[in-house]
Amino acid sequence: MNEFLQQLLNGLSLGAIYALIALGYTMVYGVLRFINFAHADVFMVGSFIGYYAGRLVPEGTLWGGLAVLCIAMIGCALLGMLIERLAYRPLRNAPTLNVLITAIGVSLLLEYTGQVFFGAAPRTFPAIFPMQTFTVGGLILSTNQIFVIVVSALLVVALQFIVHRTKIGTAMRAVSLNPKAAALMGVNNNVVISFTFGLGSALAGAGGILYALNYPSIDPLMGVMPGLKAFTAAILGGIGNIPGAALGGLLLGTVETFVAGSEWSTYKDAIAFTILIIILLFRPAGLLGRLTTEKV
Amino acid sequence: MASPTTPKRNVIPRPHLSLVAALILAFVFSSLSGTIDPYFLDVLTSAGIAVILAISLNLVMGFAGQFSLGHAGFMSVGAYLSAGISIYLGPHILASGSSAFVQGAFFFGALVLGGLAAAFAGLLVGVPSLRLKGDYLALVTLGFGEIIRVIFQNLEPLGGALGLNGIPPYTTIFWVIAWAAITIFVIHCLIHSTYGRGFLATHDDEIAAEAIGLNTTRYKITAFVIGAFFAGIAGGLYGHFKLTIMPTGFDFTKSIEIVVMVILGGMGNTVGVILAAILLTILPEVLRPIAEYRMVIYSFLLIVLMISRPQGLFNFSFSRLLKPRRSQN
Amino acid sequence: MIAILGLAACSKPQAEGIQIGEIASLTGKEAAFGQASHKGTLLAIEELNAAGGVLGQQLYLTTEDNQSKAGESATAARKLISRTKVVALLGEVASSRSLEMAPVAQAAKIPMISPSSTNPSVTETGDYIFRVCFIDPFQGTVMAKFAKDTLKAKKVAVLSSVSSAYSVGLAKYFKETYLADGGVIPVEQKYAEGDKDFKAQLTAIKAANVDAIFVPGYYTEAALICKQARELGITVPLLGGDGWEAPQLIEIGGTAVEGSFYSTHYSPENKTPAVEEFVKKFQARWDGQIPDAMAALGYDSALVLADAIKRAGSTEGSKIRDALAATDAFVGVTGRTQIDAGRNAAKSAVIITVENGQFKFVGEVSP
C-alpha cells in the first residue's frame, strides 16, 4: 500500500508538470486552432533562463527561488510573443499545414540553436529552493515535489480566473469561438492572440523551472518528450478545455509512473502515444471536450 | 488564390523510356563502381535511399494530402524484417559460394518482403487515421512511429535497444538506383492515371470528392500502403548499407528529415522532391565541418520557406523547360 | 550540381607522414568521455611526434565528432578510411558506437583500437578490431564480488538501461557472478537513456529492501538516480561501472553520490611512477585538469598503436594487425597491456568511491 501511495505521489508531481505544459498547448489551440510544436522548446528555454538566473540569486532561499521563477515566466512570455509575431502572424490566413510545418521549424530552430549556444551536454540546474525531505506515515515527501503540485494548482486557478473573470479572458474566449465576430465586436484579435501566447509561454516557463527542480539535469533537447506527452494530456482532457488539460496531465503522469514502476517500464513512452491514439479514435473530443462538426 | 500546396502536374516525359534509361544508368554506375571514390559512392547511395523515402512520402503528403510524421516507422519495419531475413534465413538458403544472381534474387526477395511488412503496417496506421485531419493526423502518425520504435526496442531477437548488427552488405549502387527508378516510375504512373486523379481530388477537397462518389477512404488507405511499401524498401536498402540498425535511428527526427525533403521540393512536385532529397543528403556531408549549425540552418530554412515560398524551392514547371506549353494551375 | 562537384573536388592533398583517425563523442550527451579520451590521445601523439615520430615519420591525427549520436560513427569511419586514408582508427569510447564502426573498419581491413569499450561483442566483429581495456564479463565480476564480499550485501537490485549495449552487457555479467556466489536479486528495473525520472523504478526497488543497488549506466543518468534514490530515503550504497567516471557525476549528483562505489580502469591516485608522470604531463598540457580513466586509456591506445607500427616496420593494415595481436609487454599508464587471443587486454580494475566531493581510490582487483 505504501508503495502504491508513493508511486501515486510521484505520478501526481510528474502529472502536475505535464498539466502546466498542456495548458499552454490547449490555450493556443483554443484561440488559433493549431498545435504550437514550439511550446515544448519554450519550456526548455525556461529551464535555461532559470539556470542562468539561478546564479544571480543566493542558493536555497525562498525569495531567490520565486525571483527565478518570475524571471523565467516573464522571459518565456516574451519569447512566445516574439515567435507568434515573427513566425505565425504572417501565416494567419494560410492553410493549417503550412503553419504546422512552420511550428515544427521553430521548434527545431530553438532546439538546435540551444545546442549551439549551450552545448548538447546536460547541465546541472542549481537548487534554487530550499530542499528538504520529510516522512509522513511511510511516505517520503520532498519539498520540491510538494512545491510542484502546489504551484501548478495555483497557476491553474489563476488561469481560470483570468479566462473567466477578466475582460481579456472574455476576449480570449470570444476569439476562440469566432474570430471574425469577435473582431466585429471590437476585439483586437492581434492583441488577444499575443496575450494568449504570452500567457501560455509563461506557464511553459514555470513548467520548465519546476521540472528542472525535480530533475536537475537540463539539456537543449529536454523538451521533446515532455512536450509530446503534455500534448497527449491536452488532447486527453479535451483540447481547448483548460480544466481538461490539467486533468489530462495528472492522469497521464500517474499512469506513466505506474507503468514505469512495473515490469513493463520500457514501454512507458509508448503508453502516452497509445492513449493518444485510442482517445483520438474513440473519443476525439477528449474527456471534457465537446465535438465540433465541420461545416462545409 | 490557389492553395500553395496544389500539386503542379509535372509530367516526366515518356515514363517508360525514362525507367529503362535509369536502369541502364544503374548498370553503368555499378560497373564503374570500382573506379569511383568509395566515399562519393557512399554519399550517392545515401542520396538514392533518400530519394525513395521522399518520393514515397510525397505520395502520402503531396498527392493524397495526408500529413504523416511517422514515415520513419515504416522504414524501420522494412529495415528490420529484411535484415532479419538476411541474417536468420540467409545462411540456410544461400550456400556459400552462390552465384551473384542467386544472391541478388535473395536480396530482392528480402527487400520485397520487408516492403510488404511495411505496407501492412501502413494499413494498420491508415485505417484508424481515416477520420482525422491536419494536426490530429500528424500527431497520430507521430504516435504510431514512436510506438513502432518502442516495440523494436523491446524485441530481443532483432537486437532490441542495442540494435541489429552483422547485416550482410548487399546494397550496391545498382540496387539503389534501380529501386529509386522503380519507385518514381510506379508512383508517377499511379498519379497520372485515371485512378490517380482520385488522389488529387481527395487532396483538394475531400468533402466535394465524397459528394461526387469517390471513395476517399480507399484512396487515403492506398496512399498510406503504397507509401509505406516503398519506405520499407528504402529501409531494407538502408539496413544492408549501414550494416547496423538501431531503433533510435528511425525516430521522430528521421521522419522530420524526410518531411523537410518533401516540403523543400514542393509537395506533389516529383522532380522537385527528387532534387531536394539529393540536396539534403549531400549538404550535411559538405557541411560536415560546421555540422553543429546544419540543423539550425535547416530549421531556419523551413520557417523562411513556409512564410515566403510555401510551394517549395524547386517548384518549376518541368515541361516548360522542354517545350512551350501553357502551365496548368 | 555545384555541391556534387564541390564534394568530388574535396579530396585532401596527401600529407606526408602517418595518418591516424580518431572518432569520439566530442559533443553531445557523452561529451565528457569523448573529450577526455581525445585529450589523452592527442597528448600521446604530440609526445610521439616530439620524440621523432614513428618509423621516422610524423603522426597526423584526424578527429571526427559523432556528437554522441547513433549512426554517425560508421559514416565518419568510412570518410576517414577512404578520404583521409588513415592507417588505423582509434575509437570509440562507448560500446554501441564502437559496434557501429567496427564492421566498416573490418571490411576495409583497417585496424581499429577501442580505448575503453567494454562490451565483448566489439572485438568479436572481426580480427582487425582490438581494445586496450578489460571487458564487461570481468568488470561485472569485479563489482559482483565487491558487493558480496566487501559490502556483505545479500540482496542487490539492478537498475540498468535498455538502450546501451554497455549497460545491458554489464548488468548481465554482474547478475551471473552475483547469483552464482549465492546472492539474491529480488528486483530488476529498467530505464532508457535520456530519462530524467527514476522515482517510479526506485520506489519499486525500495519496497524490496535491498542492501545495495547496481546501476551499470552512464554518468548522466547515474547521477540523477543517486539523487532521487536519496530523496526517496534510500540509504544503501549504489554501485556502478566505468560509465560513471566523469566529473559531472559529482556536479549533478552532489552529496547524493557520496558513499557509492564504481569500478574503472585506473585511478590518478595510483602511486606508480608511470601514473604520476602521466598526471603531471596531462595537467601541464590541459590546464591543470586531472586525467581520468578515459583520458588514460585514450593515451595508452595511441601508444599501443605506435608501438605496433614500430614493431611491424610498416603502415600496412595486415602487418599492423599482426603486430597488435602480438602485443605482450607494453606497459602504459593503465598497467601492462597484453592482448589476448580475443584481442582484448587483461587488465586490473580499480574501485573508486566519492568522499567529500572528491573521487577516492578504494582498491585494485586483478583478473
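List of remarks:
Each row is one residue, and each column tells you yes or no for (1) modelled with pLDDT under 80; (2) under 29 Å from C:Q67 (Cβ atoms); (3) touching a helix residue (DSSP H, G or I) at 6+ places or on another chain (Cβ under 9 Å); (4) within 13 Å of chain B (Cβ to nearest Cβ).
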residue	(1), (2), (3), (4)
A:R55	no, yes, no, no
A:L66	no, no, no, no
A:G75	no, yes, yes, no
A:V106	no, yes, yes, yes
A:L109	no, yes, yes, yes
A:V116	no, yes, yes, yes
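- The lone exception for C:T203 - which of (1) within 14 Å of another protein chain (Cβ to nearest Cβ); (2) outside any helix (DSSP H, G or I); (3) of a type in the set (V, I, T); (4) more than 29 Å from C:A296 (Cα to Cα) it fails: (2)
- Residue match in region B:42-55 (condition: closer than 30 Å to B:T202 by Cα and either modelled with pLDDT under 85 or surrounded by fewer than 24 Cβ atoms within 10 Å (Cβ to Cβ) (or both)): no
- Subset tally (residues that are closer than 24 Å to A:L139 by Cα and away from chain A (no Cβ under 14 Å)) for region C:216-248: 3
- Every test in (1) surrounded by fewer than 21 Cβ atoms within 10 Å (Cβ to Cβ); (2) over 17 Å from B:I49 (Cβ atoms) is passed by B:N269 save one, and that test is (1).
- Qualifying residue in region A:228-244 (condition: in contact with a helix residue (DSSP H, G or I) (Cβ under 9 Å, 6 or more places away or on another chain) and over 19 Å from A:I21 (Cβ atoms)): no
- Selection count, region C:145-177, where residues are surrounded by 21 or more Cβ atoms within 10 Å (Cβ to Cβ) and closer than 25 Å to C:T203 by Cβ: 15
- Members of region C:162-200 found to be of a type in the set (G, A, S), within 8 Å of another protein chain (Cβ to nearest Cβ) and closer than 25 Å to C:V122 by Cα, listed by number: C:S163, C:S164, C:A165, C:A192, C:G194
- Residue match in region A:123-131 (condition: modelled with pLDDT under 85, in contact with a Pro (Cβ under 7 Å, 6 or more places away or on another chain), of a type in the set (G, A, S) and surrounded by fewer than 23 Cβ atoms within 10 Å (Cβ to Cβ)): no
- Within region C:190-204, the residues that satisfy the criterion of being closer than 17 Å to C:K155 by Cα and either touching a Lys or Arg at 6+ places or on another chain (Cβ under 9 Å) or surrounded by fewer than 24 Cβ atoms within 10 Å (Cβ to Cβ) (or both) are C:Q201, C:A204.
- Of all residues in region A:173-221 being polar (S, T, N, Q) and out of contact with any Asp or Glu (no Cβ under 8 Å at 6 or more places or on another chain), the one that is farthest from A:L32 (Cα to Cα): A:S217
- Among (1) outside any helix (DSSP H, G or I); (2) closer than 30 Å to C:A326 by Cβ; (3) not assigned by TED's automatic domain parsing to the domain that holds C:S96, the one test that C:G126 misses: (3)
- Condition check for A:I74: in a helix (DSSP H, G or I), of a type in the set (V, I, T), surrounded by fewer than 22 Cβ atoms within 10 Å (Cβ to Cβ) and in contact (Cβ under 8 Å) with a residue 24 or more places away in the chain: yes
- Residue within region C:176-190 that is over 26 Å from the mean Cα position of the chain (by Cα), among the hydroxyl-bearing types (S, T, Y) and not in a loop (DSSP other than H, G, I, E, B) present: no
- Annotation: C:V210 fulfils all but one of (1) over 30 Å from C:R336 (Cα atoms); (2) touching a strand residue (DSSP E or B) at 6+ places or on another chain (Cβ under 7 Å); (3) outside any loop (DSSP other than H, G, I, E, B); the unmet one is (3).
- Residue match in region C:267-276 (condition: of a type outside the set (K, R), more than 21 Å from the chain's Cα centre (by Cα) and over 19 Å from C:A293 (Cα atoms)): no
- Residue selected from region C:72-101 under the condition of a type in the set (D, E) and without any contact (Cβ under 8 Å) to a residue 60 or more places away in the chain, by the criterion surrounded by the most Cβ atoms within 10 Å (Cβ to Cβ): C:E100
- Criterion (under 25 Å from B:I147 (Cβ atoms) and not hydrophobic (A, V, I, L, M, F, W, C)) met by exactly one of A:G248, A:G208, A:G200: A:G248
Yes/no per residue for (1) in a helix (DSSP H, G or I); (2) within 14 Å of chain B (Cβ to nearest Cβ); (3) touching a residue at least 60 places away in the same chain (Cβ under 8 Å); (4) not hydrophobic (A, V, I, L, M, F, W, C):
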position	(1), (2), (3), (4)
A:N98	yes, yes, no, yes
A:N144	yes, no, yes, yes
A:S152	yes, no, yes, yes
A:V157	yes, no, no, no
A:S176	yes, no, yes, yes
A:I193	yes, no, yes, no
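- Residue match in region A:199-212 (condition: in a helix (DSSP H, G or I), more than 12 Å from chain B (Cβ to nearest Cβ) and in contact with a Lys or Arg (Cβ under 9 Å, 6 or more places away or on another chain)): yes
The values are calculated or read from the model by the stated rules, or taken from the named source; none is laboratory data. Remember, it's a predicted structure, so these values are computed and weren't measured experimentally. Cβ atoms come from the backbone with ideal geometry, glycine included; neighbour counts cover every protein chain shown.
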